[in-house]
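In what follows, a structure is listed as structure tokens, so that the remarks can point back to it.
The values are calculated or read from the model by the stated rules, or taken from the named source; none is laboratory data. This structure is a prediction, so every number in the text was calculated from the model and none was measured. Glycine also receives a Cβ, built like all others from the backbone with ideal geometry; neighbour counts cover every protein chain displayed. Only protein heavy atoms, including side chains, enter the accessible area calculation; ligands, DNA and RNA are left aside. Shrake-Rupley method; radii C 1.70, N 1.55, O 1.52, S 1.80 Å.
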Amino acid sequence: MLKVENVKKSFGAATVLNGVNLTVRPGEVVSILGSSGSGKSTLIRCINGLEKLDAGLITVDEFDVSKPKELAEARKRSGTVFQLFNLYPHMTALKNITLAPVEVLKRPRDEAEAEGRALLASVGLGDRADAYPAQLSGGQRQRVGICRALAMKPRYLLLDEVTSALDPEMTAEVLTILAKLAAEGTTMVFVTHEVEFARQISNRVVFLEKGTLLVDLPTKDFFDPAGGLAQPRVAQFLSKMRKD
Amino acid sequence: MRFDLTILAPHIGFLAEGALLTVQACILSLIGSVILGMLVAIARTSAAGWVRRLAFVYVDLFRNIPFIVQLFFFYYGLPEIGIYIDAFTTGVIALSIAGGAYASDVIRSGILAIDNGILEAAEVSGLSKRKTFTRIVLPIALRTSVRPLGSVLINMILTSSILSTITLNELTGSAKIVASDTFRPFEIYVVLLVVYAALTWLVSLGIGLLHRRLNRDMLEPVG
Ligand SMILES: Nc1ncnc2c1ncn2[C@@H]1O[C@H](COP(=O)(O)OP(=O)(O)OP(=O)(O)O)[C@@H](O)[C@H]1O
Ligand SMILES: [Mg+2]
């Protein structure tokens, strides 16, 4: 279980997370919606330990991310996919994928490579294993980014607006893969502006507003006029997203 | 006076030996500079304050002292306190130390230019600080530093002519000898001008090729 309990985080005088509670159970897909600046990225960055919490507790399978000794374990259990891919530019797609399994999990190189190739094949990049990031399109890069995260066999996949740097065609490529992962039971925390897609793949949708979780409902209820949509901020947000 | 290059023919072998010595000294010094520059660049990002200060003092000091003074200190000064080093070794050490101060700046800015997102990706994957440095930071910094390190090398070739002042018969030193043997300084120094220009031109050509080769995969347009 991934648990976020009463987490607070400020940057200087600005409070970005103001007591967030969120539980993600294995097998769930939880989408996080919210307007720009509401703290979605900060929440993800607190979960993977890139930001320190000011207060509260985050545990990934019981491992407390605020404790340096437990953070390493917590990080082995979560994989992050970034908005701007953040691939290692000097390594081939395959190397990007096998680096951490070999260096962190101490997997034998040939096994890691075989798995890496299989992952690449599963996202339709079987023939691009030896390409460098700069030789790939944005959508291909993000698919490598997803493989890189999956290669660590994480229990939880954290995705922060992984398609917002992509054009519609490439977005579709990446979303197809995420839908497949969701169908296979991959646990995902999915920050997105793709409301329709979130609706299709999520078990739950949460709405972050000014650093607090305004709504946390099963997907069906979230989009129900008597459920999430009863919140004026949510209704406003969704109608704005639909217009864009 | 007649301009006659043929009078230099008997001395070509001697000059070539000098040129070879220059090339050897510069290659060794480049290796020395890059290793030293790397260590100093690391030291400058060290957590320990005194290490950072020491590295900073080194860079500042050696950039602000004329090379010939450094060289004389090593070659004529150190024997006074019982340290004797031959001219070639002294030259390589002095060039390495002086070049290292510049190389550390170059490598440091290469390190600082690395996109933070890349480092965050390494961090969340659980890669240790050390592995992140050796597998990601250093390779990226070195390959983006090829061009400025090339300038350090070219400077080194030019500066190495000063090694002739400590009895080392590298290119300039042997030219001086030939000039005084033949009494034809005009011809010999014309040749020297051309050889240095050709040497540095070749090096910068090589650097350009190396840069393009190493960064080939990084330069291609985003598609
Ligand atoms: N390192 C930082 N230093 C200072 N302020 C920050 C930092 N990171 C984020 N913030 C601020 O925190 C607030 C929330 O940022 P965050 O990136 O979490 O929002 P978001 O919900 O992900 O927005 P978006 O949809 O635009 O990605 C913003 O006002 C942002 O300016
Ligand atoms: Mg964000």
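Restricting attention to segment A:68-92, which residues are more than 12 Å from chain B (Cβ to nearest Cβ) and closer than 18 Å to A:TYR156 by Cβ?
A:GLU70
Restricting A:VAL30, A:VAL16 to residues that are buried (at least 19 other Cβ atoms within 10 Å of the Cβ), within 14 Å of ligand 1 (Cβ to nearest atom) and outside any loop (DSSP other than H, G, I, E, B) narrows the list to A:VAL16. Taken over segment A:33-70, the criterion of being under 22 Å from A:PHE197 (Cβ atoms) and open to solvent by 40 Å² or more (accessible area, probe 1.4 Å) is satisfied by A:SER36, A:GLY37, A:SER41.
A:LEU43 meets each of the listed conditions (1) within 14 Å of ligand 1 (Cβ to nearest atom); (2) of a type outside the set (Gly, Ala, Ser); (3) touching a residue at least 40 places away in the same chain (Cβ under 8 Å); (4) within 14 Å of chain B (Cβ to nearest Cβ) apart from (4).
Results for (1) farther than 22 Å from A:THR98 by Cβ; (2) away from ligand 2 (no atom under 15 Å from the Cβ); (3) open to solvent by 30 Å² or more (accessible area, probe 1.4 Å), shown as yes or no for each residue.
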| site | (1), (2), (3) |
| --- | --- |
| A:ARG141 | no, yes, yes |
| A:ILE146 | no, yes, no |
| A:PRO154 | no, yes, no |
| A:ASP167 | yes, yes, yes |
| A:THR171 | yes, yes, no |
| A:GLU184 | no, yes, yes |
| A:VAL191 | yes, no, no |
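Checking each residue of segment B:185-196 against the condition of being open to solvent by 30 Å² or more (accessible area, probe 1.4 Å) and among the charged types (D, E, K, R) gives no match.
At least 3 residues being more than 16 Å from ligand 1 (Cβ to nearest atom) and modelled with pLDDT of 95 or more is the threshold, and among the helices (runs of 4 or more DSSP H) wholly inside segment A:152-238 not one reaches it. Restricting B:VAL124, B:VAL137 to those that are within 12 Å of chain A (Cβ to nearest Cβ), surrounded by 19 or more Cβ atoms within 10 Å (Cβ to Cβ), under 29 Å from B:LEU209 (Cα atoms) and of a type in the set (A, V, I, L, M, F, W, C) reduces the list to B:VAL137.
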